[in-house]
Amino acid sequence: MTDSDPDLPEMQKDAQEGDSPEEKGPSAAELEAAGQNSMFGSGDMGEAAPAPAPTPAPDPVTAPAPTETNQPYRVLARKYRPQTFSELIGQEPMVRTLGNAIERDRLAHAFLMTGVRGVGKTSTARLIAKALNCVGEDGQGGPTIDPCGKCEYCTAIAEGRHIDVIEMDAASHTGVDDVRDIIEQVRYAAVSARYKIYIIDEVHMLSRNAFNALLKTLEEPPAHVKFLFATTEVEKLPVTVLSRTQRFDLRRIPADLLAQHFGKICSLEGVEAEAEALAIIAAAAEGSVRDGLSILDQAIAHADMDASMGSGGGVNASRVRDMLGLADKGAQRRILSHLLSGDAKALLVGIDEQYALGVEPLALMRTLMDLVHRITVAQVSGGEPDAPSEDERAALAEFASKLGAGELHRLWQLMLKGHDEVRQAPDPLVALQMALLRVLHASELPDPGKLAKRIEEIAANGVAPATQSAAPAADGGAAPVASASRASRASSLNWGEIVDQIDNSGQLRVAQMMRDRIRVIELAPERLIFELADDYNDDPIPDIRDAFFKLTGKRWQIERASGPDAEGAQPSLREAEEAEAKATQDRIRAHPLVQATLEAFPEGELIDPDDKVARSASGGRNWN
């Protein structure tokens, strides 16, 4: 600021006018002349314009703060990439193994990190490179599981610019020539670091010939070389490569641990986030930190947009559900309730409401399956259901108390089948509606296990006999009533079915004897009175009693009657079959067309196609 500045306060102008000539700065004319000379040159080339003395700024006027250079935005997945093993979450067994190996100087020459996407394979490889080459802040350290992150080597490796740490993407370097370059370079010692490290990402993408070319070097590399491989598809690697590496399987990160990690990041970013929202993001990440951070990044941007529009900031559950196209938790439980109660109309209305809100049919089916799974686990374990909110835990506990294990398993099977149909259907919404309606109507069917048990009970004990009318005739009707009562008792159980069950149980001889010789007089639960159809003197009662015991597990009262006591006995099964066959044949012979045919062909015979004995007696002719 100069003395010619019109904005200078009046007190400062007076003070400057009162200063001595030695302290007074250049005038406005001199400054203007100096500016003209610097731009257009001086009119007198022989004289140089005197340099104006700098004028100190007055104390009351402060200079504006310098503006920081704008850095490009880094996504959360890169900004919060682990820089030490302590920041690597969910992989404690691997960290412990590596720490022991470094401490005891038992380092392998090749490491293989495998696992699903976003669990830290490449980050682990870089951390191993830092751990092996770190020299500490004083420059005297050795390999350590806790690299300092401040020495030249740690800094250069973290920034990806260290000359001795070569990172190669096998997806774009798949051939033998790329591997040949590695083979030629490993002979030379590291330029400055302790180890020369090759990080090969997506190593399963190398060609078969490239793997074969690398085998010898991978088996016996120089002492100063370490290989670090990372892959998501370890099954594609040759066995010869797997046998030459030390393998670490990086696990999926549990949802609760992911939610805690995301909460810390939100605190560092200065963003408020609901616990339920973080739980939803962690569940959607499916064990991948990178996927979860990408969703969180999007959720934070969504919250910032809402804050700028005046609707409140922060990451909350409703916004995350809308962003991911997930169904509301309350709506999920209502749809499941309609499904179990058999309310088809309310079920379809609930599905349409969720579809109108942007929920995908396949996502809705998955959420219903997740509910059934959590209800089943809560029922089996007897503990509190896994849910982020108290209301949801109470609702799931109520479902678990009302539903049986068989119902839950049948519900899961039907939903699993419906999930495949919805995924493959040309119209997922229609497929979802039909699949859930099938589940709804299937809930009205009897339980197959209970039904089978009921059938077994009927087979063992028989059906309950019909209620008898206890109104005997008043005069002279005692004998007819007794006969009718006995006939009714004889027909209360199906003798033919009982004989068939004994036959199917493997007691063929006894079943055939009962079929041919037993005339039932009275058949009731655990009681049988019979008459023999022949005059043989043997006693079949022990065989029959043993057969009934093996079939029902109970001791039956078996009695044999004869003479007047055998009045009202039913024909044996064989006799009944023969009588029915004779009646059928007589009915056929009485038909006018058959009679006319037999008159035209006097030697003609009626042959039963199922009667093999009759067919063999007729000479085995195939009558048509």
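Structural remarks
- Number of positions in the stretch 96-134 that are among the hydrophobic types (A, V, I, L, M, F, W, C) and open to solvent by 30 Å² or more (accessible area, probe 1.4 Å): 2
- The sole residue among 547, 579, 561, 583 that is in contact with a Pro (Cβ under 7 Å, 6 or more places away or on another chain), open to solvent by less than 90 Å² (accessible area, probe 1.4 Å) and not basic (Lys, Arg) is 579.
- Scanning the stretch 403-413 for residues that are of a type in the set (D, E, K, R) and at pLDDT 85 or above turns up just one, 410.
- Among the helices (runs of 4 or more DSSP H) confined to the stretch 83-175, the ones with at least 1 residues that are under 34 Å from the mean Cα position of the chain (by Cα), farther than 27 Å from residue 210 by Cα and of a type in the set (S, T, N, Q) are located at 92-103.
- Failed item in (1) over 15 Å from residue 498 (Cα atoms); (2) part of a loop (DSSP other than H, G, I, E, B), with residue 564 passing the rest: (2)
- Residue 197 being surrounded by fewer than 17 Cβ atoms within 10 Å (Cβ to Cβ), among the aliphatic types (A, V, I, L, M) and not in a loop (DSSP other than H, G, I, E, B): no
- Enumeration of residues in the stretch 54-93 that are open to solvent by less than 70 Å² (accessible area, probe 1.4 Å) and modelled with pLDDT of 70 or more: 75, 76, 77, 80, 82, 84, 85, 88, 89, 90, 91, 93
- Odd one out for residue 390 among (1) open to solvent by 70 Å² or more (accessible area, probe 1.4 Å); (2) modelled with pLDDT of 85 or more: (2)
- Within the span defined as the stretch 238-253, one or more residues are in a helix (DSSP H, G or I), open to solvent by less than 40 Å² (accessible area, probe 1.4 Å) and of a type in the set (A, V, I, L, M).
- When the stretch 162-177 is filtered for residues that are open to solvent by 40 Å² or more (accessible area, probe 1.4 Å) and under 26 Å from residue 232 (Cβ atoms), the ones remaining, listed by number, are 166, 167, 169, 171, 172, 173, 174, 176, 177.
- Per-region count, the stretch 513-553, residues part of a strand (DSSP E or B) and over 20 Å from residue 575 (Cα atoms): 2
- Among the residues of the stretch 176-191, those identified as aliphatic (A, V, I, L, M) and closer than 15 Å to residue 211 by Cβ are 176, 179, 182, 183.
- Taken together, the residues in the stretch 260-282 that are more than 20 Å from residue 121 (Cα to Cα) and in a helix (DSSP H, G or I) amount to 15.
- Candidates 368, 416, 403 - the one that is open to solvent by 60 Å² or more (accessible area, probe 1.4 Å) and touching a residue at least 24 places away in the same chain (Cβ under 8 Å): 416
The values are calculated or read from the model by the stated rules, or taken from the named source; none is laboratory data. A quick note: this is a predicted structure, and the numbers were derived from the prediction, not measured. Reconstructed Cβ throughout: ideal geometry from the backbone, glycine too, with neighbour counts over all protein chains shown. Remember, those area values only see protein heavy atoms, side chains included, never the ligands or the DNA or RNA. Shrake-Rupley method; radii C 1.70, N 1.55, O 1.52, S 1.80 Å.
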